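**Q** Quick one: structure below, then a few questions.
The values are calculated or read from the model by the stated rules, or taken from the named source; none is laboratory data. Note that the coordinates shown come from a computational prediction; the quantities given were computed from them, not determined experimentally. Cβ placement follows ideal geometry from the backbone for every residue including glycine, while neighbour counts extend to all protein chains displayed. Ligands, DNA and RNA are excluded from the accessible area calculation, which covers all protein heavy atoms including side chains. Shrake-Rupley method; radii C 1.70, N 1.55, O 1.52, S 1.80 Å.
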Amino acid sequence: MEKAVRAIKRADKIAVLTGAGMSVESGIAPFRGEDGLWKKFDPQEYASLSAFNRDPEKSWELFRIQIEECLGAEPHEGHYSLVELEDHGLNAVVTQNVDSLHQKAGNEKVLELHGSLAELFCSSCNSREGTEDHLDEIVEGDIPHCGCGSMFRPDVVLFGEPLPRNVLSVSQREAEEADLLITVGTSAVVQPAASIPTLAKRTGSVLIEINPERTPLTPRVDHFLKGKAGEKLPELVEQIRD
Ligand code: NAD
Ligand code: ZN
């Protein structure tokens, strides 16, 4: 911990990469955990592009639950610590999460690699609308439709879809330019998001990892802080403040 604190104090430009583990303490279950959602809904069967094209009503069964869960969630102490870290050099939060919790907490620059549940997207006419504006019908079990008559979908990256190219390239640049990268709550195995720590390392960044479990990334990081996001991030920021 002390070494990680010293490294952060020395760094001019910091980037953060978060995954599903960042949101666990806000009550949102990750894919691989023991908890409910993803045991009931096989992601390939509900959240892939081919599944959506085949049977959008079925995909919406999952989207509805995710939207209710994520839009109703609140940031925890760890999210607010990342807002404070902006006063100490944090430049960008790159996230694989689709729950908008970093924005809700107040981070300035959030790069959403997998899109966001807060927006709906029409693949017929490419228009986007806020999910919040259609929440009543979604909660009642209806599927929201675009003005052009087509069905909306959440503006998230489905399995089998590429990542938004611009967001990915800006995130990769942030990783390259950062002299320190903190990864939080990601097993860092899902490509191309997993390339972010690799790029950072190759360009000489110090790597800090926060996770209650070891991951495939752990042997390559400089400082592994074993623990939960909602505990380790506030601890880090408190010590940087002193
Ligand atoms: P993942 O494989 O990256 O697993 C989550 C990681 O978080 C694990 O390494 C786990 O040890 C760690 N973790 C668990 N509790 C934690 C805590 N309290 N603090 C810090 N770390 C903790 O992610 P996944 O669940 O397999 O998801 C894969 C993809 O799906 C990612 O893109 C992910 O972001 C997305 N997803 C997003 C959300 C969301 O938006 N909240 C939820 C589920 C999945
Ligand atoms: Zn449309």
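**Q** Name the residues in segment 89-101 that are more than 10 Å from ligand 1 (Cβ to nearest atom) and touching a helix residue (DSSP H, G or I) at 6+ places or on another chain (Cβ under 6 Å), would you? Please lay out each step first, then the result.
**A** Step one: list which residues in segment 89-101 are more than 10 Å from ligand 1 (Cβ to nearest atom), which gives 89-94.
Matches in segment 89-101: A92, V93, V94.
**Q** Now for a separate question. Pick out the one residue from P234, P216, P192 that is assigned by TED's automatic domain parsing to the domain that holds E2, open to solvent by less than 50 Å² (accessible area, probe 1.4 Å) and modelled with pLDDT under 95. Talk me through it step by step, then tell me what you get.
**A** On the way: P234 fails: modelled with pLDDT under 95; P216 fails: open to solvent by less than 50 Å² (accessible area, probe 1.4 Å).
Sole residue among the options that is assigned by TED's automatic domain parsing to the domain that holds E2, open to solvent by less than 50 Å² (accessible area, probe 1.4 Å) and modelled with pLDDT under 95: P192.
**Q** Residue by residue through segment 90-103, note down the ones that are out of contact with any Asp or Glu (no Cβ under 6 Å at 6 or more places or on another chain) and farther than 20 Å from E25 by Cβ.
**A** N91
**Q** Shifting gears a bit: Does L71 meet the test of being farther than 18 Å from I182 by Cα, touching a Gly at 6+ places or on another chain (Cβ under 6 Å) and in contact (Cβ under 8 Å) with a residue 60 or more places away in the chain?
**A** Details: farther than 18 Å from I182 by Cα: yes; touching a Gly at 6+ places or on another chain (Cβ under 6 Å): no; in contact (Cβ under 8 Å) with a residue 60 or more places away in the chain: yes.
So L71 does not fit the description; no.
**Q** Here's a check for you: in segment 195-213, which residue that is open to solvent by 10 Å² or more (accessible area, probe 1.4 Å), under 26 Å from P43 (Cα atoms) and touching a residue at least 60 places away in the same chain (Cβ under 8 Å) is farthest from ligand 2 (Cβ to nearest atom)? Working first, answer last.
**A** Taking segment 195-213 first, the residues open to solvent by 10 Å² or more (accessible area, probe 1.4 Å) are 195, 198-199, 201-204, 206, 211-213.
If we keep only those that are under 26 Å from P43 (Cα atoms) as well, we get 195, 211-213.
Those still in the list that are touching a residue at least 60 places away in the same chain (Cβ under 8 Å) too: 211-212.
Working: N211: 40, P212: 43 Å.
Result: P212.
**Q** For segment 145-154, give me the residue count where each residue is outside any loop (DSSP other than H, G, I, E, B), more than 13 Å from ligand 1 (Cβ to nearest atom) and open to solvent by less than 70 Å² (accessible area, probe 1.4 Å).
**A** Initially, segment 145-154 is screened for residues outside any loop (DSSP other than H, G, I, E, B), giving 145, 151, 153-154.
Filter once more, keeping what is more than 13 Å from ligand 1 (Cβ to nearest atom): 145, 151, 153.
Restricting the remaining residues to those that are open to solvent by less than 70 Å² (accessible area, probe 1.4 Å) gives 151, 153.
Counting residues in segment 145-154 that are outside any loop (DSSP other than H, G, I, E, B), more than 13 Å from ligand 1 (Cβ to nearest atom) and open to solvent by less than 70 Å² (accessible area, probe 1.4 Å) gives 2.
**Q** OK, next. So, in segment 125-136, how many residues would count as being away from ligand 2 (no atom under 16 Å from the Cβ) and either over 23 Å from the mean Cα position of the chain (by Cα) or part of a loop (DSSP other than H, G, I, E, B) (or both)? Even if it seems obvious, please write down each step before you answer.
**A** Filtering segment 125-136 down to residues away from ligand 2 (no atom under 16 Å from the Cβ) leaves 132, 135-136.
From what's left, either over 23 Å from the mean Cα position of the chain (by Cα) or part of a loop (DSSP other than H, G, I, E, B) (or both): 136.
Qualifying residue count for the region: 1.
**Q** Then there is this: Return the only residue of V184, V167 being under 14 Å from the mean Cα position of the chain (by Cα), among the hydrophobic types (A, V, I, L, M, F, W, C) and closer than 27 Å to R128 by Cβ.
**A** Details: V184 fails: closer than 27 Å to R128 by Cβ.
One residue alone meets the criteria, V167.
**Q** How do the pairs read when you match residues in segment 82-108 that are touching a residue at least 24 places away in the same chain (Cβ under 8 Å) with residues anywhere that are among the basic types (K, R) and open to solvent by 20 Å² or more (accessible area, probe 1.4 Å), using Cβ under 7 Å and keeping only pairs 6 or more apart or on different chains?
**A** If the second residue must be among the basic types (K, R) and open to solvent by 20 Å² or more (accessible area, probe 1.4 Å), the pairs left are G89/K13; N91/K13; N91/K109; A92/K109; V93/K109.
**Q** Can E25 be described as of a type in the set (D, E), under 19 Å from the mean Cα position of the chain (by Cα) and either surrounded by 15 or more Cβ atoms within 10 Å (Cβ to Cβ) or in the same structural domain as A188 (by TED's automatic domain parsing) (or both)?
**A** On the way: of a type in the set (D, E): yes; under 19 Å from the mean Cα position of the chain (by Cα): yes; either surrounded by 15 or more Cβ atoms within 10 Å (Cβ to Cβ) or in the same structural domain as A188 (by TED's automatic domain parsing) (or both): yes.
Taking the combined requirement at face value, the residue satisfies it.
**Q** Determine which member of the set V139, V83 is farther than 18 Å from V167 by Cβ, within 22 Å of the chain's Cα centre (by Cα) and surrounded by fewer than 21 Cβ atoms within 10 Å (Cβ to Cβ).
**A** Just one listed residue meets the conditions, V83.
**Q** Moving on to the next point. Mind listing just one residue for me: the one in segment 28-50 that is within 13 Å of ligand 1 (Cβ to nearest atom) and of a type in the set (A, V, I, L, M, F, W, C) and, of those, surrounded by the fewest Cβ atoms within 10 Å (Cβ to Cβ)?
**A** Ranking the candidates gives F31 first.
**Q** Any residue at all in segment 12-22 that is over 23 Å from A188 (Cβ atoms), surrounded by fewer than 17 Cβ atoms within 10 Å (Cβ to Cβ) and at pLDDT 95 or above? Reasoning before the result, please.
**A** The initial filter retains those residues of segment 12-22 that are over 23 Å from A188 (Cβ atoms), namely 12.
With surrounded by fewer than 17 Cβ atoms within 10 Å (Cβ to Cβ) added as a condition, the list becomes 12.
Subset that is at pLDDT 95 or above: 12.
Yes, the conditions are met somewhere in segment 12-22.
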